[in-house]
1. Taking Phe323 and the conditions (1) touching a helix residue (DSSP H, G or I) at 6+ places or on another chain (Cβ under 6 Å); (2) open to solvent by 60 Å² or more (accessible area, probe 1.4 Å); (3) within 16 Å of the ligand (Cβ to nearest atom), which numbered condition does it fall short on, given that it satisfies the others?
2. Outside any loop (DSSP other than H, G, I, E, B) and out of contact with any Cys (no Cβ under 8 Å at 6 or more places or on another chain): which single residue out of Val367, Val360 fits that description?
3. Anything in segment 10-41 that is in a helix (DSSP H, G or I), over 30 Å from Asp359 (Cα atoms) and open to solvent by less than 60 Å² (accessible area, probe 1.4 Å)? List them, or say none.
4. Checking the condition more than 15 Å from the ligand (Cβ to nearest atom), of a type in the set (Ser, Thr, Tyr) and within 24 Å of Gly192 (Cβ to Cβ), which residue from Ser84, Ser178, Ser172 passes?
5. From the list Ser45, Ser4, exactly one residue is among the polar types (S, T, N, Q), surrounded by fewer than 14 Cβ atoms within 10 Å (Cβ to Cβ) and part of a helix (DSSP H, G or I). Which is it?
6. Would you confirm whether any residue within segment 260-271 is in contact with a Cys (Cβ under 8 Å, 6 or more places away or on another chain), crowded, with 18+ Cβ neighbours inside 10 Å and either small (Gly, Ala, Ser) or part of a helix (DSSP H, G or I) (or both)?
7. Within segment 339-377, which residues are basic (Lys, Arg) and at pLDDT 95 or above?
8. Would you check if there is a residue in segment 345-366 being among the basic types (Lys, Arg) and either in contact with an Asp or Glu (Cβ under 8 Å, 6 or more places away or on another chain) or under 17 Å from Thr88 (Cβ atoms) (or both)?
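The values are calculated or read from the model by the stated rules, or taken from the named source; none is laboratory data. Quantities reported herein were computed from a predicted structural model and do not represent experimental measurements. Here the Cβ is made from the backbone with ideal geometry for all residues, glycine too, and neighbour counts use every protein chain on show. Heads up: the accessible areas ignore ligands, DNA and RNA and are worked out on the full protein's heavy atoms, side chains in. Shrake-Rupley method; radii C 1.70, N 1.55, O 1.52, S 1.80 Å.
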Amino acid sequence: MTASDFLPFTRPTIHEPTIEAVAAVLRSGWITSGPKVREFEAQLSALCGGRPVRAMSSATGALEVALALAGVAAGDEVITTPLSWVATANVVLRAGARPVFVDCDPRTRNIDLELVPAAITPRTRAILPVDLAGLPVDRDRLYALAAAHRLRVIEDAAQSFGANWAGRMIGSCGDLVSISFHANKNITTAEGGCLVLNDAAEARRCELWRLQGVERHGDSWDGMDVTLAGGKHNLTDVAAVIGLGQLPHLAAFTARRRALARRYFARFDRSLGCELPPEDYAQCNWHMFQVLLPETADRNLFITRMRAAGIGVGVHYPAMHLFSLFRELGWRPGQFPHAERIGRSTVSLPMFPTMQDRDVDRVIAAVGPALAGSARP
Ligand SMILES: Cc1ncc(COP(=O)(O)O)c(C=O)c1O
């Protein structure tokens with residue numbers, strides 16, 4: 001097997017005109033936030049039903065700004081899922097607030113909205129749901145719950161750009177929506193993200209939180225004030241131009257991912273005892289194709305064997321309340337049995353738009369033998 005035979009679990013698709021556009025920005029003399037960022041924001045806004053969108057250097061930064069905009073501060077609580085990239089809860093801690101985890105729905109692997117009311121206290125300020133693997137959380141139930149309890153919603157839609165809820169594109173409705181353009185995401189700027197906002201006033205405050213709280217005013221050259229302790233989250237034009245090269249392909253990328261998911265479902269050997277994700281070709285953007293291994297399988301051994309067969313496999317994610325940081329805050333094993341089981345057994349099989357049908361077949365052919373050799377002693 002040569003290095004080029006190795007099938008990674010994901011791979012960005014960057015077209016030649018995008019590479020040329022990056023070179024043109026680099027030659028232009030204006031490489032940080034400028035006209036390309038504004039153009040990228042305008043195109044994102046058009047995709048999000050005209051809502052204001054501000055580009056950020058990461059979705060982690062977008063979440064930090066969203067929490068600030070929602071007024072989340074020391075002593076507050078934010079309800080979220082234990083099954084996400086740790087950024088989702090780290091940002092809550094960095095705001096001085098407490099992440100309050102509730103278990104997942106074992107079918108969708110997303111936050112179980114039934115369990116949210118019991119977790120609400122007088123200190124709860126917001127719900128922070130995650131569309132894991134690009135499968136949207138039920139937006140109707142989510143917003144009914146938020147309205148009933150007067151809570152803000154910060155959608156961690158890092159993985160669900162291109163997905164929709166009941167035909168409405170994620171980002172085109174709801175409260176604050178944070179999207180990632182990290183290299184592994186369905187649309188990338190290498191590193192980057194954006195925040196979708198409710199109105200122009202909120203977008204203006206977002207700009208202040210994004211870049212040091214600096215306000216420039218008046219028509220003089222030296223009219224400058226600082227009104228809040230903002231961060232440093234602006235996207236560069238170099239990155240924005242990559243995003244501009246990606247957006248025209250969003251629909252085709254999503255369609256291809258759905259077709260690959262269909263093939264996985266059609267070919268997967270159900271006798272192996274793996275749990276497949278919900279079979280959704282209408283709403284999910286298939287950011288990842290995740291299966292749960294049988295409890296009898298040693299996941300590390302399975303991944304080792306898949307890699308030996310030339311196939312990359314990811315783990316997204318261990319249940320985060322079991323990380324030392326969160327155990328120190330009092331979270332314990334056994335509190336979220338569904339998230340813990342999923343976190344122990346989940347694997348992400350290769351899924352990216354330039355994958356060929358025969359690549360899926362190669363993965364399917366490798367899974368059985370890899371599992372057979374991975375039984376726990
Ligand atoms: C669910 C989730 N939330 C937040 C993030 C953070 O995104 P970024 O890497 O753009 O900061 C990610 C990125 O992997 C993610 O998957």
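1. Tallying (1) touching a helix residue (DSSP H, G or I) at 6+ places or on another chain (Cβ under 6 Å); (2) open to solvent by 60 Å² or more (accessible area, probe 1.4 Å); (3) within 16 Å of the ligand (Cβ to nearest atom), Phe323 fails exactly one: (1).
2. Of the residues listed, the single one that is outside any loop (DSSP other than H, G, I, E, B) and out of contact with any Cys (no Cβ under 8 Å at 6 or more places or on another chain) is Val360.
3. Ala21, Val22, Ala23, Ala24, Val25, Val37, Phe40, Glu41
4. Only one candidate qualifies: Ser172.
5. Ser4
6. yes
7. Across segment 339-377, the qualifying residues are Arg341, Arg344, Arg358, Arg362.
8. no
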